[in-house]
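Chemist: I'd like to ask some things about the structure below.
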Amino acid sequence: MEAGTLSPSREPSSAERIREAAREHPARTAIAVLAVIVLAMIASKGLHDVAQRGLNGLTTGAIYALGAVGLTLVYGILRLVNFAHGDFLTFGAYMAYLVNVTWGMPLVFAIFWAMATTAVLGIFLERVMWGPMRSRGAGMLQLLLMAIGLALVIRYVIQFVWSTELRQLDVNRTDTVEFLGLVIGRTNLIVVVIGFVTLVATGFMLRYSLLGKRMRALSDNLDLAETSGIDTSRVILWTWVFAAGFAGLAGVMAGAITQLQPELGFELLLPIFAAVVVGGIGNAYGALAGGIMLGLVIEWSTLFIEPRWKTAIGFIVLILVLIIRPQGIFGRARAI
Amino acid sequence: MLEALTSPPVAVTLESFTDVAFWTGVGIIAGTYTIFALGLQLNVGFTGIFNFGQAAFMAIGAYAMAILTTETAISFWLSLPLAVLIAIAFGLVVGLPSLRLRTDYLAIATIAAAEAIRLFALNARELTGGGQGTFGFSDDWDSISETIEGWIRDLGWADVPTLFPLLIVVWTVAVLLMYVLSRIQDTPWGRVLRAIREDEDAARALGKNAFSYKLQSLAIAAALGAISGFFLALNLKFVVPDEFLPIVTFIGYAVLILGGLASYWGVAVGSVILWTVLEGLRFLELPLSESRIAALRFILLGLVLIGLMAFRPQGLFGKREEMVLGD
C-alpha cells in the first residue's frame, strides 16, 4: 500500500502484492498458512497421525474456544481483563462434581447445574463488584488486580472445601470409539460434540439474534451502543450469563476428560488468553476460531517435539501473535 | 517461599509468637519480597508499565546463579553480577517487542513470558534439574554466614538462629537499594519516567524517547528481580520451578499496593505487613486441617487485593496525587 502511493507508476512486485493481500485478508492468510502446514505434516508424518492428533486437538480446542468466547466478550464490552475467568471453569467443574459424584445424579443434570451456578456467580459478581467499580470510574490496573484477587478467592475457597486431592467425574474412561481407523475416547467424543454444537449455536446467536447483535455492538463501542438506545446494563448482565455459563461448561468438559484439582482452570487461562488474542480481543468469532486453531496447533506440535513441551507452544503462539499482529488474526488494526 | 506458604504450621502455641528463628524466616521472606517489589514499584508506580512477569526475572537470577556456580568454573561471587546481566538481557528481549503494546496486552504478554520461563525450567532437565531443581551452590555463602554468626555470638547472643546473617544481609541490600532508587527518582532521568507515566505522548512531544526510558525501567526491574532471586535461593538452598509461579508476581503486587504506589519505602512497609499477617495466621488456633489453613491464607491475600482496589487503590501509604490506578 505504502509503496504504491509513493510511486504510483511502478508496478508492485509479486512479493509485495502477496504481502499486501496477506495484510488485507489476515483470516484467509492464516487459514492458507495452516492448510500448507497441514499438507506438509501429512506428507512428512502420514495422514493417520495428523488426523488422530487433530482429533485430540479439536477436543482441547473446543474447551479453549468455549472459555475464550466469554473472556473476549467481557474484555470487549467491559474492558475487564478477567484473570478470574479460569477459576470460573474450575468452579463449574466442581459444581458438576457436587451433583454428579456427591449427590450421585446423572452428568446431564450436572452440566446444566454447573452452567447455571457459574452464570449466577457471574451475575452476582457483576452486581456487587464490577458494576459498582465501573460506575466509580475504576482504572484498568485497578480492575485487573481486583480480578486477580477474585481469582485467588475462588480458587482457594474451592481448595478449602474440596482440598487439593485429584477428583474425577463419574464418566466412562475406558470405552473408545473407532472410525476411519481413528480412535477417540467415548467421553472425549461427547465433549467434542457438545463443544461444537454449543460453539455453532453461539455463532448463530451472535450473528442473528437481537441479543447477539447488541452484544457485538457493545463490544465495538459501548457509548455509541448506549446512545443508540440499547439497554446496556441488561446486555451486560446477559454477557455475564453467557461468559460465565460457557466457562462453567468448559470447566465440566475439561474435568470430564482430565481430573479435577483447584488449579484446573488457572492452568487453562493462558491458552484461553492466547485464543482471545489470536482471534482479536473483543471479537467473539475470532475467539471461537482462535480456540480451535490453538488446540490443533498444540496437539500437532507433539508430532515434532516431546509432549512435555506442548504447554509452552500456547505461550509461544501468544507471544508471536502479540509481536507480529497484536490486533489478532481476525481483529482490525486499531490503536494497540 | 511458597514452601513456607503451603507447609504445615510449625506450631500453634503462643510461645512460638516469640520464636526468634521463626520470625527470622519471616523477615527474610519480607526482605526478599521488598527487593522483588521494588522492581514493580519502578515499573508500575513510577513508569506506568504493567509488568506481570517479575517472577521470571527472579527465576532467571536464581537459576543463573545456581547453574553458573555448580556447573561451571565460575565462582559464586562472579556468578551474581553475571546472573544480573542475564536477567537484564532477558528483560530487554521481553521489552523490545512488548513495550510497544497497549498496557493490557503488555500485562498478558509479560505473564506469558514468565510462564514460558517457568515451563522451560521445568522441562529443560539437563540444565535446570527439572522439577527436582538445582542445589549445592551455597558453600561460599554458608562459610560467610558462619563467620557472621560467630561475630554475633561473640557479642553475647549465644543461640542466634542459623539464618540470622541472611536476614541482616537481605535487609542491608534492600535498604541500600531503596535509598539508591529514591535518589535516582529525583534525577532528571527519574522525572522523565514520571512524565511518561502521566502522559507518554507529552513526554514524547518534549523530545524524550519514551520507549528507551521504558526499556531501561524494565531492565532495572529485571536486575532487582534477579537480586531477590539470589536471596530466595540462599534462603531455601535449592531452586525449583514451583517457586516462580505467577502467584509470586501477584504477591508482589499485593506488597506494592499495600505499601502504596510511587513510594520505595512503602514497599518495605507493605512487605513486612503482608508477611507478618500471612505468617501470623499460624498463631490463630483454628480447628482446621493444615491444607485448609494454607488455603485460608491465600483467600485472605485475595481479599486484601480486592479490598484495597475497591476502597483504597493508592495503598495504605500511597500519595493520592500520585495515584496511577484510577486513570
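Residue by residue, here is whether (1) closer than 30 Å to residue B:199 by Cβ; (2) among the acidic types (Asp, Glu); (3) part of a helix (DSSP H, G or I) holds:
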position	(1), (2), (3)
B:44	yes, no, yes
B:51	yes, no, no
B:61	no, no, yes
B:66	no, no, yes
B:73	no, no, no
B:92	yes, no, yes
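Chemist: Looking at the range A:312-329, which of its residues are within 7 Å of chain B (Cβ to nearest Cβ), touching a residue at least 24 places away in the same chain (Cβ under 8 Å) and assigned to a helix (DSSP H, G or I)?
Modeler: If the condition is that a residue be within 7 Å of chain B (Cβ to nearest Cβ), touching a residue at least 24 places away in the same chain (Cβ under 8 Å) and assigned to a helix (DSSP H, G or I), then A:315, A:318, A:322 are the ones that fit.
Chemist: Within the range A:176-187, is there a residue that is hydroxyl-bearing (Ser, Thr, Tyr) and either touching a Leu at 6+ places or on another chain (Cβ under 8 Å) or not in a helix (DSSP H, G or I) (or both)?
Modeler: Just the residues of the range A:176-187 that are hydroxyl-bearing (Ser, Thr, Tyr), to begin with: A:176, A:187.
Subset that is either touching a Leu at 6+ places or on another chain (Cβ under 8 Å) or not in a helix (DSSP H, G or I) (or both): A:176.
Yes, the range A:176-187 has at least one match.
Residue-wise test of (1) more than 25 Å from residue B:227 (Cα to Cα); (2) exposed (fewer than 12 other Cβ atoms within 10 Å of the Cβ); (3) without any contact (Cβ under 8 Å) to a residue 60 or more places away in the chain.
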residue	(1), (2), (3)
B:156	yes, yes, yes
B:164	no, no, no
B:168	no, no, yes
B:172	no, yes, yes
B:176	no, yes, yes
B:179	no, no, yes
B:183	no, yes, yes
B:188	yes, yes, yes
B:195	yes, no, yes
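Chemist: Return the residues of the range B:261-302 that are assigned to a loop (DSSP other than H, G, I, E, B) and within 25 Å of residue B:50 (Cα to Cα); say none if nothing qualifies.
Modeler: Result: B:261, B:262, B:263.
Chemist: Return the residues of the range A:274-301 that are more than 12 Å from every other protein chain (Cβ to nearest Cβ) and not in a helix (DSSP H, G or I); say none if nothing qualifies.
Modeler: Selection gives A:283 alone.
Chemist: Taking the condition assigned to a helix (DSSP H, G or I), modelled with pLDDT under 85, over 21 Å from residue A:217 (Cβ atoms) and within 9 Å of chain B (Cβ to nearest Cβ), does residue A:266 pass? Show your work before the answer.
Modeler: Details: assigned to a helix (DSSP H, G or I): yes; modelled with pLDDT under 85: no; over 21 Å from residue A:217 (Cβ atoms): yes; within 9 Å of chain B (Cβ to nearest Cβ): yes.
No: the conditions fail for residue A:266.
Chemist: Just give me the residues in the range A:214-231 being surrounded by 16 or more Cβ atoms within 10 Å (Cβ to Cβ) and either in contact (Cβ under 8 Å) with a residue 60 or more places away in the chain or part of a helix (DSSP H, G or I) (or both), in sequence order.
Modeler: A:214, A:215, A:216, A:217, A:218, A:219, A:222, A:225
Chemist: Still on this structure: Would it be correct to say that residue A:118 is polar (S, T, N, Q) and touching a Pro at 6+ places or on another chain (Cβ under 8 Å)?
Modeler: No.
Chemist: Can you name the number of the only condition in (1) in contact with a helix residue (DSSP H, G or I) (Cβ under 8 Å, 6 or more places away or on another chain); (2) farther than 23 Å from residue B:88 by Cβ; (3) part of a helix (DSSP H, G or I); (4) away from chain A (no Cβ under 14 Å) that residue B:122 fails?
Modeler: (4)
Chemist: Given (1) within 14 Å of another protein chain (Cβ to nearest Cβ); (2) outside any loop (DSSP other than H, G, I, E, B), identify the lone condition not met by residue A:192.
Modeler: So residue A:192 meets the others, but not (1).
Chemist: Let me ask you something else. Which residues, taken from the range B:95-113, are facing chain A (nearest Cβ under 9 Å), in contact (Cβ under 8 Å) with a residue 60 or more places away in the chain and surrounded by 16 or more Cβ atoms within 10 Å (Cβ to Cβ)?
Modeler: Correct list: B:111, B:113.
Chemist: Shifting gears a bit: Please work out if residue A:116 is closer than 21 Å to residue A:194 by Cβ, in contact (Cβ under 8 Å) with a residue 40 or more places away in the chain and either within 14 Å of chain B (Cβ to nearest Cβ) or buried (at least 24 other Cβ atoms within 10 Å of the Cβ) (or both). Don't jump to the end; show me each part of the working.
Modeler: Details: closer than 21 Å to residue A:194 by Cβ: yes; in contact (Cβ under 8 Å) with a residue 40 or more places away in the chain: yes; either within 14 Å of chain B (Cβ to nearest Cβ) or buried (at least 24 other Cβ atoms within 10 Å of the Cβ) (or both): no.
Against the criterion (closer than 21 Å to residue A:194 by Cβ, in contact (Cβ under 8 Å) with a residue 40 or more places away in the chain and either within 14 Å of chain B (Cβ to nearest Cβ) or buried (at least 24 other Cβ atoms within 10 Å of the Cβ) (or both)), residue A:116 does not qualify.
Chemist: Looking at A:237, A:199 in this structure, which one is outside any loop (DSSP other than H, G, I, E, B) and under 21 Å from residue A:120 (Cβ atoms)?
Modeler: On the way: A:199 fails: under 21 Å from residue A:120 (Cβ atoms).
Answer to the check: A:237.
Chemist: Please specify each residue of the range A:82-113 satisfying the condition of being more than 14 Å from residue A:256 (Cβ to Cβ), surrounded by fewer than 20 Cβ atoms within 10 Å (Cβ to Cβ) and of a type in the set (A, V, I, L, M).
Modeler: Passing the criteria: A:98, A:105.
Chemist: In this structure, does residue B:165 turn out to be of a type outside the set (Lys, Arg) and out of contact with any helix residue (DSSP H, G or I) (no Cβ under 9 Å at 6 or more places or on another chain)?
Modeler: In short, no.
Chemist: Of A:51, A:114, A:62, which residue is over 23 Å from residue A:289 (Cα atoms) and either of a type in the set (Gly, Ala, Ser) or in contact with a Leu (Cβ under 8 Å, 6 or more places away or on another chain) (or both)?
Modeler: A:114
Chemist: Also: Have a look at B:215, B:245, B:224 and point out the one that is out of contact with any strand residue (DSSP E or B) (no Cβ under 8 Å at 6 or more places or on another chain), under 21 Å from residue B:38 (Cβ atoms) and within 14 Å of chain A (Cβ to nearest Cβ).
Modeler: After ruling out the rest, the residue left standing is B:245.
Chemist: To continue, here is another question. Just checking, which of A:149, A:122 is buried (at least 20 other Cβ atoms within 10 Å of the Cβ), within 30 Å of residue B:107 (Cβ to Cβ) and away from every other protein chain (no Cβ under 14 Å)?
Modeler: On the way: A:149 fails: away from every other protein chain (no Cβ under 14 Å).
Testing whether each residue is buried (at least 20 other Cβ atoms within 10 Å of the Cβ), within 30 Å of residue B:107 (Cβ to Cβ) and away from every other protein chain (no Cβ under 14 Å) leaves just A:122.
Chemist: Being within 8 Å of chain B (Cβ to nearest Cβ) and either within 11 Å of residue B:313 (Cα to Cα) or in a helix (DSSP H, G or I) (or both) is the filter here, so list the residues in the range A:133-146 that pass it. Show your work before the answer.
Modeler: Looking only at the range A:133-146, we keep the residues that are within 8 Å of chain B (Cβ to nearest Cβ), and these are A:133, A:137-146.
Correct list: A:133, A:138, A:139, A:140, A:141, A:142, A:143, A:144, A:145, A:146.
Chemist: Scan the range A:153-173 and report the pairs whose first residue is within 14 Å of chain B (Cβ to nearest Cβ) and crowded, with 22+ Cβ neighbours inside 10 Å and whose second residue is outside any loop (DSSP other than H, G, I, E, B) and among the hydroxyl-bearing types (Ser, Thr, Tyr), with Cβ atoms within less than 9 Å and a gap of 6+ or a chain change.
Modeler: Pairs that qualify, where the first residue is within 14 Å of chain B (Cβ to nearest Cβ) and crowded, with 22+ Cβ neighbours inside 10 Å and the partner is outside any loop (DSSP other than H, G, I, E, B) and among the hydroxyl-bearing types (Ser, Thr, Tyr), are A:154/A:90; A:155/A:90; A:158/A:90; A:158/A:94; A:159/B:291.
The values are calculated or read from the model by the stated rules, or taken from the named source; none is laboratory data. Being a predicted model, the structure only gives us computed values, none of them experimental. When we count neighbours, we look across all protein chains shown, and the Cβ atoms used for this are built from the backbone with ideal geometry, even at glycine.
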